[in-house]
Amino acid sequence: MKKNSFLISLLALSGLIFFACGSEDKKQEITEQTINEIIAKADSILPNYRYVDLDTVLAKYNLAKDYNEEMLRMQTNMENEVKRHDNSIKSFATTVQQKYQNNGYLTQESFDADQKKINDMQVNAQKAITNLQSNFETSVMQAQKTVNDSIEAFIKEYNMKKGYDAIFFKAATLYINPALDITNDVVEGLNARYNKVK
């Protein structure tokens, strides 16, 4: 029923467009004002809800992009730290093995001390890597929360001006009319606010 009334409204709007454009006697040029009036009328017959494509927002929102870059840097640093520990342990283990093969150890105690040092290096490396991973996970969660809170706060503020009954995430719908998409407006507003604060 709603779909039929929507189609009837669109047909009526097309008649308005035809009438606004002129008759057989007199052809008028469609002005920008006429187009804006038509768009305003089209807006008034659309349902009073809109949607946002969150994937697009996250891809284009400068705050989200900045956090993404920061998380990539942290991940690269973590990988470099893992390699550094790994190389250090392997290098010392190779030295111990060569020394052992060349009968470089004069006592069992000195050999045992180097074995203990390898074990300590492995334990310390594991602790350092666990700390880095924990810090990384905490940073990712904080970044996600900051970005989500920022988007939510902006959408509430945006809707105070627009007065929609609901604003959905596109992913929460199976199908939604593309005319109801406000993603670009939201991205523009988010970036304008973020760049101003930055």
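Structure values in brief
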| read-out | value |
| --- | --- |
| Unique match (being over 26 Å from Tyr61 (Cα atoms), surrounded by 14 or more Cβ atoms within 10 Å (Cβ to Cβ) and not polar (S, T, N, Q)) among Ile129, Ile167, Ile176 | Ile129 |
| Failed item, numbered, when Leu106 is tested on (1) outside any helix (DSSP H, G or I); (2) surrounded by 14 or more Cβ atoms within 10 Å (Cβ to Cβ) | (2) |
| Evaluation of Ala113 against (1) assigned to a helix (DSSP H, G or I); (2) in contact (Cβ under 8 Å) with a residue 60 or more places away in the chain; (3) open to solvent by 40 Å² or more (accessible area, probe 1.4 Å) (one fails), failing number | (2) |
| Odd one out for Asn124 among (1) more than 23 Å from the chain's Cα centre (by Cα); (2) in contact (Cβ under 8 Å) with a residue 40 or more places away in the chain | (2) |
| Some residue of segment 56-68 being part of a loop (DSSP other than H, G, I, E, B), under 30 Å from Arg193 (Cβ atoms) and modelled with pLDDT of 95 or more | yes |
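The values are calculated or read from the model by the stated rules, or taken from the named source; none is laboratory data. Model, not experiment: these values are computed from the prediction. Here Cβ is always computed from backbone atoms with ideal geometry, including for glycine, and neighbour counts include all displayed protein chains. Only protein heavy atoms, including side chains, enter the accessible area calculation; ligands, DNA and RNA are left aside. Shrake-Rupley method; radii C 1.70, N 1.55, O 1.52, S 1.80 Å.
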